[in-house]
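All remarks here apply to the structure that follows.
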Amino acid sequence: MCREDPDLPVCVEQTVLVWAPLGFLWLCAPWHIAVLCRKATPTKHLSKLYLCKQIVVGLLFLTAIAGLAVTLGEDYGPTRDTTATEKNPWVFYANPILFAVSWILLVLCQEGVRRREGAVDSTTLFLFWLILVVCDVFPFQTLLREALRMGEIPDLPRFCLFYISFGLELIALILSAFADVPREAEDLVKKNPEVGAAFLSRITFNWFNSMVLNGFKRPLVQKDLWELSEAESTLQISQRFQQTMQTELKAARTRLQTKMRKRGEEKASKGQGEGLQNEHQNRLGKGVSQDVLMMEEKGDKKEKKKEEKKKKKKEEKEDYPKSWLIPTIATTFKRVLWESAIFKLITDLLSFASPQILKLMISFTMDKSIYTWTGYMYAVLLILVAIFQSLFLQQYFQRCFVLGMKVKTAIMAAVYKKALVVSNDARKESTVGETVNLMSADAHRFNDVVNFIHLLWSCPLQIALAIAFLWIELGPAVLAGLAVMVLMVPINGLLANMSKNVQIENMRYKDKRMKIVNEMLNGIKILKLYAWEPSFQNQVMGIREQELVVMRKFAYLSSVSTFVFSCAPALVSLATFAVFVAVDSENVLDAGKAFTSISLFNILRFPLAFLPMLIAAMVQTSVSKKRLEKFLGGDDLDTNIVRHDPSFNTAVSVCNGTFAWEKHAEPVLKNVSLEIKPGKLVAVVGVVGSGKSSLISAMLGEMHSSKGFINVQGSVAFVPQQAWIQNATLRDNILFGYPLEDSRFQATLEACALGPDLELLPGGDQTEIGEKGINLSGGQKQRVSLARAAYSQADVYLLDDPLSAVDSHVGKHLFEEVVGPKGILKDKTRILVTHGVSFLPYVDEIIVLKEGCVSEVGSYQSLKDSKGAFSEFLDTYAKDEGKKHTDSTSDGEEVGLVPDLQDPQADTPPEDIVSMTLRRESSIRRSQRNGSVRLRKNSSLKKPKPPADDETKKGQRLIEKETMETGQVKFSVYLQYLRAMGWGYSTMFFLVYFIQNVAFIGQNLWLSDWTNDAEDYYNKTYPNWKRDTRIGVFGALGVVQGVFVFMGTLLLANGSINASRILHSRLLNNILRVPMMFFDTTPSGRVVNRFAKDIFTVDEAIPQSFRSWIMCFLGVLGTLFVICLATPIFTAIIIPLAVVYYFVQRFYVASSRQLRRLDSVSRSPIYSHFGETVSGLSVIRAYGHQDRFLKHNEKIIDENLKSVYLWIISNRWLAIRLEFLGNLVVFFSALLAVIARDSLDSGLVGLSISYALNVTQTLNWLVRMTSELETNIVAVERVSEYTEIENEADWVSEIRPPEKWPEAGRLRFENFKVRYRPELDLVLHGITCDIDSTEKIGIVGRTGAGKSSLTNCLFRIIEAAEGRILIDGTDIATLGLHDLRTRLTIIPQDPVLFSGTLRMNLDPFETFSDEEIWRVLELSHLKEYVGGLQEGLTHEVSEGGENLSIGQRQLLCLARALLRKSRILILDEATAAVDLETDSLIQKTIRREFSHCTVLTIAHRLHSILDSSRVMVLDAGKIVEFDSPSTLFNKQGHFYSMARDAGITTVDSTALDSTALDSTAL
């Protein structure tokens, strides 16, 4: 330091500076050379770059040899100076030899790099060249200055050789900075540039430039994104995770079993004799399943049993394998964890170097005797430390974020995989929504925590180091500051704990609200028909209010903790400085001490602020961890129930099997033994609830077997009772993953009567089918489902009543062509559950089930003759051979066939319940086809012309692509949010934060002034009053900051809750008012996403990022202000820096925002696919297609990861560039301080540099926050997008109908035309008719004739295109929708119930008294059932009404109608899935109770309308016949042919006998 010029001694330059880089090379060489020793590495081509590198090294080798030659020549050559006594020093021999050996080594190393698989450059070699060049800079300038000083070159040959080799080294360094991409990898590099990025490009993320540029020019789309590398792909991640998981889970299960055994022993020792229960105690991950109410006996015995069960369930809820998830994650990703830990450690250590350099810098400005070059050296050191810190930090962050992404992916894949094999018990635990939540919310929590996991050890480390350095500065005074910090910890712990409880409560309300929203969207059609929207809106708003109360609590808590936090640094520094000055009058606060301390305190702020946040996040994650461990650790489906033993000579054998839906449930099938020979057609019959569907489920292995087993030979195809349709093209639904064979495909379509449908569908077999198959009618869905089975060419076919959802003639056709003795499956084993008596004579064998037991087995004839249960049953029903078959079939046009079940345990596997939620009636499907499946020869249907190309495209896509905003988020969106907050709150909030910032700057300026006292009072005693003033003002400013932060946070909390309330209620309000059309073309997932993800963002993320943004923004302004105050010339540098900053930021935000949007859009399919999988589980398992679905899931997660990964990189790309800018700010503020050292006081220098050191982080945060705010504000944009959808007509208009309207109930259609969407064809073509008061009208017609469209028009679900409908002379188009809909009543096809009380399902507005409700329950034959329930009317109905049988649901719908007492009743007859008793009950009640009403019945069975006053026959949207049934029958037109198809021979007699007839089904 004491030299005037910064030079090193020559001996150091010749030895240390030469050996250091070479030593580094020798250390790294073995790793490269090892590659050469391996056998058979495929030799790549020699690139130009590689040859250049080798040539340069060759030349360097020659210089080394030349150097050796020169020395030898001088010592021993002929020209040597004989007079000289001493020879050259040994270094001149050693160095050239070392170099020569090293260059040979290097040639080998470079060859090794070339041969290494996938290597494009070498980090170690690049670093070697860099170190070498840096070390050679010293002798470079020494030699030059020496020569200039002497005016001549003393040692010319060595001088020349040094500069030649220096030039070559420089060239080598430049060459080694480029990537050498082999030809065979070029395509790969195009798809994923990261693979071909060189070391420098990798650490600065330069390879990402092209993407940023792309994103700046135009919004990025999915196909712009690069491929993932192997290591990031879902397949790789999930495989590694699964392997580790298996071992960890096994260990956890063992631990659980020992625990259970101990508990069992304890119980036994208590001697409560609960031996029976202990048997079951060993089960593992089984939690509660709802106590299913058995609906028959309600005895005391039952109750007692139930209590015991509940107690046991409670214990079991806690029993699942615990604490294995975290070890699994740690083991799977240990390498990344270690790498990132090392980077983090280096960064932390480097961050403490800056304050030390700052201290030296301040002493340099104070002590004018130090040479100027030291100042410049400090400035350079500052920027070097800063640059290294940035590089390491970004590597650390990148590792951590990628790790977070991988953990999330692994969890998502694991949840999906588990869902495919999960047992029914475990499935009962959680609804589909909850399972999807595991995949979205819980996996995401892990992602967030893993990002910052290293802070767990890094924060304490930083705190410890900071305290150590502070001790060196201020001595024991630090303890005062430390004490303040320690006091903060319990306060924060308390706050964190309170927040956690609030958060749990919050999640509970969120789940509750989402459940109702979900049900609302699923049952939206019913809400509209009954005009029940306000009731549900109020329910949701009620829960939302509770949720907001909890959110406000949370916000207040967090503002208290923010207050504690913002006060912490001020209090700490106050305590420390005050104690330091007060302890000893000798202690004077000088600039060096104060600002070094301040920058150390600044380092302290981060870990102190982060630790509690991290702990809170970990607490939240622990909740997720429990949920995930419970789900992933649950029981799998037992695959051993169904064996595949080829030695059996039967196709299917059931040996003495007893089966239940859950381990502890009552068995549904008892002691069943069956043998079914290969190639036979076997029918399974029995009354509703006798266990037919359960038998099929048992054969699929979906049930728990308590004894016995099942053997099935060969592959299985399954047609469920409720068709499960994927959101894919029609063709994909039928092929179901099998390769397309055209002839077989056509034959299948033909047999399943799908030909005519394909002509009507806009895209033929390429038509996209919506979620849950919403654009197909019930019958079509069932036929597609059957076609899927037929195409699969399996050995055993399990058909669960597929024929009940289709028209009678279609049913006949399907039986003949597919299932029956002459069908395409005639050689296969077929097990057919059926209600159709007419098919029975054609089957090989009939199995009769009664109450879960096989009562008879035999052929049709033998069973008929045996006079057993079967023959009685036939005698009752089959009076007339011709009538048999109609009754069991239905026209399926809209029958989303509902499984027949009496109690949920009996006949429905849980997933049917899920898919039952509600098929929306296909309001679109008929719009896309006018006509129906005709199998009669004299078909009057003309084939429509094939549509033109552009039309095909239009109709083919039913589900609109999710719109994605592109480009910058409009400023209006921000304003919209601020407006929702309230302008008062917004401005106050900004003002308060501004004042807080002013106080902060003031405090530091006061400090810098205080430090100047050290010079003023040099060697004088420091007056006490001055000391007290200094401390007082300093402290006061600190407290002011805290108070203002607290106020600001409170203001923001209230404002943001206002905004949340307003945005949510607007969204809800509007969604309930949009027309039905919207729901038909929008997947419900998309709407749910608005209510879940986007509202969550508005609630929680936006206020956070808004606050951070304001604080960062003001922080940056403050910093620049202070630096300019210290060194005014700095203003000149701000301008170019600001320009660069602006451009980097704009570039980044454009790409980053688009990547975020792509992320959201590509995330939706993951969840929809998951939901679809869960609802179609039994089908997927039956066909054994779990692997295909797993693959598909991997594919869609990968698509999502592409955008997530690039988004992570984009953040690092930005951060590294901004940190360089920040580092320049530091450098310039230091440099200017050195230049102007004479005019500056040390206090200001310290202040400006310590501020500059802080600016890097703040700048980085500012851009991150800007972008995050932009990203999050997109949620407001998305929510408002759905608040601006066009509404249907007003609920209440100016024209109000009279109180009693409609009194007569007269209907009149005048030239009524309607279409579903403006661009589609008419569905009803000019309907004109009059219907008198109290007339009973039957409406018939083939599928797609427009029957349901007619009812939709009465309720104005679709609006008229032309013409009008008059009710009692009032045009319904003039009324408000609610006025209209509340005065009409419909009993819909699907009995939809909502979760809530029975009472709420009947009367959501609570307008009726209990007496009235009991009266209608009596009329609808439910009184004794409801009376028998413990809770009576407040009995909770579960989601979708699962805990009631279909019949009971249908009767509840009848009760709804009876309550409303309107004069016009529309019956969308849905008796197909109801057993006969219920059916006749419903018919009788309707006839009796609605005799004074106008009744329109849409008939699916002709029998039920034979007693109507008139029948309307619709065909292709026109009325073709309209008269009394007998007239029409004698006319021998359309009606006659339909009646004949249905086996009706005469009409007159039937009117009286129709009730008997209605019971002809099985």
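The values are calculated or read from the model by the stated rules, or taken from the named source; none is laboratory data. What you see is a predicted model; the values in this text were computed from it and never measured. All Cβ positions, glycine included, derive from the backbone under ideal geometry; neighbour counts span all protein chains shown. These accessible areas exclude ligands, DNA and RNA; they are computed on the full protein's heavy atoms, side chains included. Shrake-Rupley method; radii C 1.70, N 1.55, O 1.52, S 1.80 Å.
Rank-order 986-993, 516-523 by packing density, defined as the average count of other C-beta atoms within 10 Å over each peptide's residues, highest first. Intermediate results must be reported in sequence, preceding the final value.
Details: 986-993: 18.2, 516-523: 22.4.
Listed from highest to lowest mean packing, they are 516-523, 986-993.
Any chance you could give the angle, 0 to 90 degrees and rounded to 10, that helix 300-318 forms with the longest Cα principal axis of the chain?
20
Give the peptides 345-353, 13-21, 1060-1068, 1201-1209 in descending order of average Cβ contacts within 10 Å, highest first.
Order by mean packing, descending: 1201-1209, 1060-1068, 345-353, 13-21.
List the residues of the range 1229-1254 whose backbone N lies under 17 Å from a point placed 7 Å from the Cα of residue 363 along the Cα-to-Cβ direction.
1242-1243, 1246
Tell me the mean residue ellipticity at 222 nm calculated for the chain from its helices only (DSSP H runs of n ≥ 4, each -39500 (n - 2.57), averaged over every residue, nearest 500).
Mean residue ellipticity at 222 nm (helix-derived): -20000 deg cm²/dmol.
Rank 1485, 1527 by accessible area, highest first, at a 1.4 Å probe radius? Write down the numbers at each step before the final one.
Details: 1485 0, 1527 65 Å².
Accessible-area ranking of 1485, 1527, largest first: 1527, 1485.
Rounded to two decimals, what is the ratio between the C-alpha radius of gyration of the chain and 2.2 N^0.38 Å?
That ratio works out to 1.13.
Quantify, in whole percent, the carbon and sulfur part of the accessible surface of the range 1302-1356 (1.4 Å probe; protein heavy atoms only). Intermediate values should be presented prior to the final figure.
Working: 700 of 1690 Å².
Carbon with sulfur: 41 percent of the solvent-accessible area.
Could I have the simple spin-label model distance between residue 744 and residue 636, label points 7 Å from Cα toward Cβ, reported in nm to one decimal?
Taking the simple label geometry, residue 744 and residue 636 are separated by 2.9 nm.
How large is Rg over Rh for the range 648-776, taking Rg from the Cα atoms and Rh as the Kirkwood inverse mean of 1/r across Cα pairs?
Expressed as Rg/Rh, it is 1.06.
Farthest toward the dipole's positive end in the chain, which of 245, 573, 530, given Cβ charges of +1 (Lys, Arg) and -1 (Asp, Glu) about the Cα centre?
245
Kindly report the accessible area of the range 382-456 per residue (heavy atoms of protein chains, probe 1.4 Å, no ligands, DNA or RNA), in Å².
25
For residue 72 and residue 871 in the same chain, what is the full-extension length gain: residue separation times 0.36 nm, less their Cα-Cα distance, in nm?
So the chain would gain 275.6 nm between residue 72 and residue 871.
In degrees between 0 and 90, to the nearest 10, how far off the longest principal axis of the chain does helix 156-176 point, with axes built from Cα atoms?
The helix 156-176 is inclined about 10 degrees to the chain.
May I ask you to give the solvent-accessible area per residue for the range 656-745, in square angstrom, as obtained with a 1.4 angstrom probe?
So the range 656-745 comes to 31 Å² accessible per residue, rounded to a whole number.
Calculate the dipole size of the chain relative to its Cα centre from +1 charges on Lys and Arg beta carbons and -1 charges on Asp and Glu beta carbons; express the result in debye to the nearest 20.
Dipole of the chain, to the nearest 20 debye: 900 debye.
For the range 335-439, place one equal point scatterer on every Cα, skip the solvent, and apply the Debye formula. What is log10 of I(q)/I(0) at q = 0.12, 0.14, 0.21, 0.23 Å⁻¹?
Per q value, in the given order, log10 I(q)/I(0) is -0.63, -0.72, -1.00, -1.10.
Kindly report, to the nearest 10 Å², the accessible surface of residue 741 as traced by a 1.4 Å probe over protein heavy atoms only.
Approximately 90 Å² of residue 741 is accessible to the 1.4 Å probe.
Cα centroids of the range 1214-1274 and the range 178-218: how far apart, whole angstrom?
Value for the Cα centre distance between the two parts: 30 Å.
Using the charge dipole of the range 1075-1186 (Lys, Arg: +1 at Cβ; Asp, Glu: -1 at Cβ; taken about the Cα centre), state which of 1141, 1117, 1087 has its Cα farthest towards the positive end.
1141
What order do you get for 222-233, 1107-1118, 1083-1094 when each peptide is scored by the mean count of other beta carbon atoms within 10 Å, highest first?
1083-1094, 1107-1118, 222-233
Over 20 Å between Cα atoms, which of 417/1093; 528/1461; 670/867; 510/1093 qualify?
417/1093; 670/867
For residue 434 and residue 615, calculate 0.36 nm times their separation in residues minus their Cα-Cα distance, and state this gained length in nm to one decimal.
Residue separation times 0.36 nm, minus the Cα-Cα distance, leaves 62.6 nm.
About the Cα centre, and with charges only on the beta carbon of Lys, Arg (+1) and Asp, Glu (-1), how big is the dipole of the range 498-585? Nearest 20 debye, please.
Details: 11 positive and 7 negative charges, 99 e Å.
In total the dipole reaches around 480 debye.
Within the range 1048-1079, list the residues whose amide N lies under 17 Å from a label point set 7 Å along Cα→Cβ of residue 552.
1049-1065, by backbone N distance to the label point.
Counting every Cα pair in the range 315-388, what percent are over 15 Å apart?
For the range 315-388, the share of Cα pairs beyond 15 Å comes to 70 percent.
Calculated FRET efficiency, residue 1069 and residue 117, Cβ-Cβ r, R0 45 Å, to nearest 0.05?
It comes out at approximately 0.15.
What are the ³J(HN,Hα) couplings of the range 1421-1431, residue after residue, when phi is run through the Karplus curve with 6.51, -1.76, 1.60 and θ = phi - 60°? Round to Hz, x for glycine and proline.
6, 10, 4, 6, 4, 5, x, x, 6, 4, 8
For residue 1526 and residue 421 in one chain, what is 0.36 nm times their gap in residues minus the Cα-Cα distance, to one decimal in nm?
Working it through step by step, the gained length comes to 392.1 nm.
I'd like the per residue volume of the convex hull spanned by the Cα atoms of the range 771-853, given in cubic angstrom. Don't jump to the answer; show the numbers that get you there.
Values: hull volume 9.9 nm³, N = 83.
Cα convex hull per residue, to the nearest whole number: 119 Å³.
Summarise the accessible area of the range 1154-1230 (1.4 Å probe, protein heavy atoms) by the percent that is carbon and sulfur.
With neighbouring chains kept in place, the figure for the range 1154-1230 is 61 percent.
Suppose every K and R has +1 on its Cβ and every D and E has -1 on its Cβ; what is the size of the dipole of the range 312-432 about the Cα centre, in Debye to the nearest 20?
Once rounded to the nearest 20, the dipole reads 520 debye.
On a C-alpha basis, how far is the centre of the range 800-865 from the centre of the range 1095-1153 in Å? Whole number, if you could?
First find each Cα centre; the distance between them is then 74 Å.
In nanometres, what is the gap between the two model label sites at residue 1018 and residue 150, each 7 Å from Cα along Cα-to-Cβ?
Computed distance between label sites residue 1018 and residue 150 equals 4.4 nm.
When the Kirkwood hydrodynamic radius is evaluated over all pairs of different C-alpha atoms of the range 531-601, what value in angstrom, to one decimal, is obtained?
16.5
Along the charge dipole of the chain, which of 25, 96, 333 sits closest to the positive end, that is, farthest toward it, with unit charges on the beta carbon of Lys, Arg, Asp and Glu (+1, +1, -1, -1)?
Most positive-ward Cα: 96.
Keeping every protein chain present and rolling a 1.4 Å probe, give me the accessible area per residue for the range 1226-1384 in Å².
For the range 1226-1384, the per-residue accessible area is 35 Å².
In nanometres, what is the gap between the two model label sites at residue 45 and residue 1287, each 7 Å from Cα along Cα-to-Cβ?
6.9
Going from the alpha-carbon gyration tensor of the range 48-176, what semi-axes, largest first and in whole Å, does one get by taking the root of 5 times each eigenvalue? Before the final figure, lay out each step's value.
On the way: eigenvalues 203, 61, 24 Å².
So the equivalent ellipsoid measures 32, 17, 11 Å along its semi-axes.
For a Förster distance of 35 Å, can you work out the FRET efficiency between the beta-carbons of residue 766 and residue 827, rounded to the nearest 0.05?
E(calc), rounded to 0.05, equals 0.65.
Work out the FRET efficiency for residue 160 and residue 8 from their Cβ-Cβ distance, taking R0 = 35 Å, and round it to the nearest 0.05.
Computed FRET efficiency for residue 160 and residue 8: 0.95.
What whole-number distance in Å separates the alpha-carbon centres of the range 554-569 and the range 458-517?
10
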